[in-house]
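Q: Handing you a structure now.
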């Protein structure tokens, strides 16, 4: 079992640009959640996808959007990047109640 | 809203010392409680969990007991090793919010030989 995988590992963008991050869930998992972890802080919940629909959302602006595909993989899109969007973006997958986290994508906005 | 508070770090201990990391939470209903660990350069790993009051979660020598009366879930280990050096996150999952997890700010632990 490959576990949760994320791509890319690192990414550097400039302010105003758009970025797409990708996540493949653990085999058999149908729910994907995304978190933002700023340096030195705990992860903050962005949103969760289930059955290709956004099921719940945290306190993030509409610049953050996502998608889930029929194979349960997911994308996180961030538009109009700000310096404050620099963070580690974590994807987590789950089937019932326990979440399994991927290694994250480190996004740097210059 | 629901939240998690944990003791600030960094915490530095000598090998074989006793570890306690305090965690308290604010939540309605009966959340599930977790401790996650993040080793340097790695992703988050679930360390242990407890899903109802008085449950004790344990793993790799770490323990934490779900105390509803004090809304606490303190992490303990009797004898830490250098390999335990990591950042520890206390977290909760709301009873009615599927799998959404709310994390504390994390406590950095360094164990020196």
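The values are calculated or read from the model by the stated rules, or taken from the named source; none is laboratory data. Only a predicted model underlies this, so the values are computations on that prediction, with no experimental measurement involved. Cβ sites come from the backbone with ideal geometry, for glycine too, and all protein chains shown count toward neighbours.
Q: Would you be able to tell me the number of residues in segment A:13-27 that are under 25 Å from residue B:102 (Cβ atoms) and surrounded by fewer than 14 Cβ atoms within 10 Å (Cβ to Cβ)?
A: Total meeting the criteria: 0.
Q: Quick one: would you say residue B:40 is under 22 Å from residue A:92 (Cα atoms), away from chain A (no Cβ under 11 Å), more than 13 Å from the chain's Cα centre (by Cα) and surrounded by fewer than 17 Cβ atoms within 10 Å (Cβ to Cβ)?
A: When the stated conditions are applied, residue B:40 passes them.
Q: Still on this model: Can you tell me how many residues within segment B:74-94 are in a helix (DSSP H, G or I) and within 19 Å of residue B:49 (Cα to Cα)?
A: Matching residues across segment B:74-94 total 1.
Q: Among strands (runs of 3 or more DSSP E) lying entirely in segment A:1-65, which contain 2 or more residues that are in contact with a strand residue (DSSP E or B) (Cβ under 6 Å, 6 or more places away or on another chain) and more than 22 Å from residue B:39 (Cβ to Cβ)?
A: A:10-13, A:19-24, A:31-37, A:44-50, A:53-57
Q: Turning to a different aspect of this structure: Would you point out the residue of segment B:69-79, among those that are more than 15 Å from the chain's Cα centre (by Cα) and within 16 Å of residue B:31 (Cα to Cα), that is farthest from the other protein chains (Cβ to nearest Cβ)?
A: That would be B:69.
Q: I want to confirm something. Restricting to segment A:1-30 and keeping residues that are farther than 25 Å from residue B:88 by Cβ and at pLDDT below 95, which single residue is nearest to the chain's Cα centre (by Cα)?
A: Among residues in segment A:1-30 that are farther than 25 Å from residue B:88 by Cβ and at pLDDT below 95, the one nearest to the chain's Cα centre (by Cα) is A:30.
Q: Select from segment A:67-86 the residues that are more than 18 Å from residue A:26 (Cα to Cα), within 11 Å of the chain's Cα centre (by Cα) and either within 14 Å of chain B (Cβ to nearest Cβ) or surrounded by fewer than 16 Cβ atoms within 10 Å (Cβ to Cβ) (or both) and list them in ascending order.
A: Passing the criteria: only A:77.
Q: Check B:60, B:68, B:49 and return the single one that is in contact (Cβ under 8 Å) with a residue 12 or more places away in the chain and surrounded by 20 or more Cβ atoms within 10 Å (Cβ to Cβ).
A: Values: B:60 fails: surrounded by 20 or more Cβ atoms within 10 Å (Cβ to Cβ); B:68 fails: surrounded by 20 or more Cβ atoms within 10 Å (Cβ to Cβ).
The match here is B:49.
Q: Let me ask another. Could you please give the count of residues in segment B:80-108 that are at pLDDT 95 or above, more than 19 Å from residue B:16 (Cα to Cα) and more than 8 Å from chain A (Cβ to nearest Cβ)?
A: Looking only at that region, the number is 1.
Q: May I ask you to list the residues in segment B:98-113 that are part of a loop (DSSP other than H, G, I, E, B) and crowded, with 17+ Cβ neighbours inside 10 Å?
A: Answer for segment B:98-113, where residues must be part of a loop (DSSP other than H, G, I, E, B) and crowded, with 17+ Cβ neighbours inside 10 Å: B:99, B:100, B:104, B:106.
Q: Please verify whether segment A:46-53 includes one or more residues that are under 22 Å from residue B:103 (Cα atoms), surrounded by 21 or more Cβ atoms within 10 Å (Cβ to Cβ) and facing another protein chain (nearest Cβ under 9 Å).
A: Yes, some residue in segment A:46-53 is under 22 Å from residue B:103 (Cα atoms), surrounded by 21 or more Cβ atoms within 10 Å (Cβ to Cβ) and facing another protein chain (nearest Cβ under 9 Å).
Q: Search segment B:1-16 for residues being farther than 24 Å from residue B:68 by Cα and surrounded by 15 or more Cβ atoms within 10 Å (Cβ to Cβ), and hand back the single one that is modelled with the lowest pLDDT. If you could, list the steps in order and put the result at the bottom.
A: The initial filter retains those residues of segment B:1-16 that are farther than 24 Å from residue B:68 by Cα, namely B:9-16.
Going one step further and asking which of them are surrounded by 15 or more Cβ atoms within 10 Å (Cβ to Cβ), we end up with B:9, B:11, B:13.
On the way: B:9: 84, B:11: 96, B:13: 97.
Filtering first and then ranking leaves B:9.
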